[in-house]
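Structure record follows, encoded as structure tokens.
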């Protein structure tokens, strides 16, 4: 997974393959040289978000080393921040035509299942492959498109997995030994903590409707926010989460959305009555809506030519 905004890409595999095809002699492996390269890239240069000075140093170091061995090196320029250049501009087609066929190739099914478990991708057990396709599409798009946008907005890469232990593969020990570890950039962390961090302190009611298997915004955000509202005293008094046991982001029925809206007004003490529900909901939706309404004491009436919310002065 490419974790940062792409400004320049050094296509090392292509270069090495080209060099090998030309028949250039490959130098013998040297432990000392390998250690020196690791210390330079991982220690001296260190974390190198794409677009940073450190990334430019790392790129130039690799180019210089390859040239020392007699290879001809070509650096291909691109900029993912511009809509007319970079992978972000063609990601939808690239994913459909290149990435998805490989990920969902039948011979890769066992690898796919391991990824689903290790990455905790949400899915519907009754429709496994189709819903995994949705989760895979969204998580990879986030990694290529959205993370780059976040890095540009926050001033650095915002995620950190240095202390995370991954589980779900056939060999979690090897997975955690060899998985790429990255650290969040301090500037991005500061931006998130100062400009985007929620407090849980609410002046008006907040009703959150969230599917338990949301593939875009994980449901774990809800209990984390609930802890903040408990600490501030807003839980239940101003904040209520309504969990929906279903797959997919914002996959709500009409009665669920209507109930959440009515509860918000009810919490704010401005709802007198909801009428005309029979004109807007199917029989099954109407039964589900009224069952929830009775549980919280919502004033509801089926009669009426159209759906109507009577507000109190």
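Bear in mind these aren't lab numbers, they're just calculated from the coordinates by the rules spelled out. Nothing here was measured: the structure is a model prediction, and the numbers come from that model. Positions of Cβ are generated from backbone atoms using ideal geometry, with glycine treated the same way; all protein chains shown enter the neighbour counts.
Can you give me the Cα centroid spacing of the stretch 54-70 and the stretch 249-292 in angstrom?
Here the two parts' Cα centres lie 62 Å apart.
Above 14 Å lies some portion of the pair distances; for the stretch 259-298, what is it as a whole percent of all C-alpha pairs?
Result: 45 percent of Cα pairs exceed 14 Å.
Which values, in whole Å and largest first, are the semi-axes of the equivalent ellipsoid of the stretch 97-161 obtained as the square root of 5 times each eigenvalue of the Cα gyration tensor?
Its equivalent ellipsoid spans semi-axes of 26, 13, 11 Å.
Points 7 angstrom from Cα along the Cβ direction at residue 99 and residue 166: gap in nanometres?
1.5 nm
If you build the Cα gyration tensor of the stretch 224-277 and take the root of 5 times each eigenvalue, what three semi-axes come out, in whole angstrom, biggest first?
Numbers: eigenvalues 99, 74, 6 Å².
In descending order the semi-axes read 22, 19, 5 Å.
For the stretch 132-220, just run the numbers: alpha carbon Rg, then divide by 2.2 N^0.38 Å, N being how many residues it has.
Rounded to two decimals, the normalised Rg is 1.34.
Rounded, prolate or oblate: which one fits the stretch 196-311, using the alpha carbon gyration tensor with axes a ≥ b ≥ c (rounded when a/c is under 1.5, else prolate when a/b beats b/c, else oblate)?
Verdict is oblate for the stretch 196-311.
Convex hull volume of the Cα atoms in the stretch 82-235, per residue, in Å³?
Considering the Cα atoms of the stretch 82-235, their hull volume per residue is 165 Å³.
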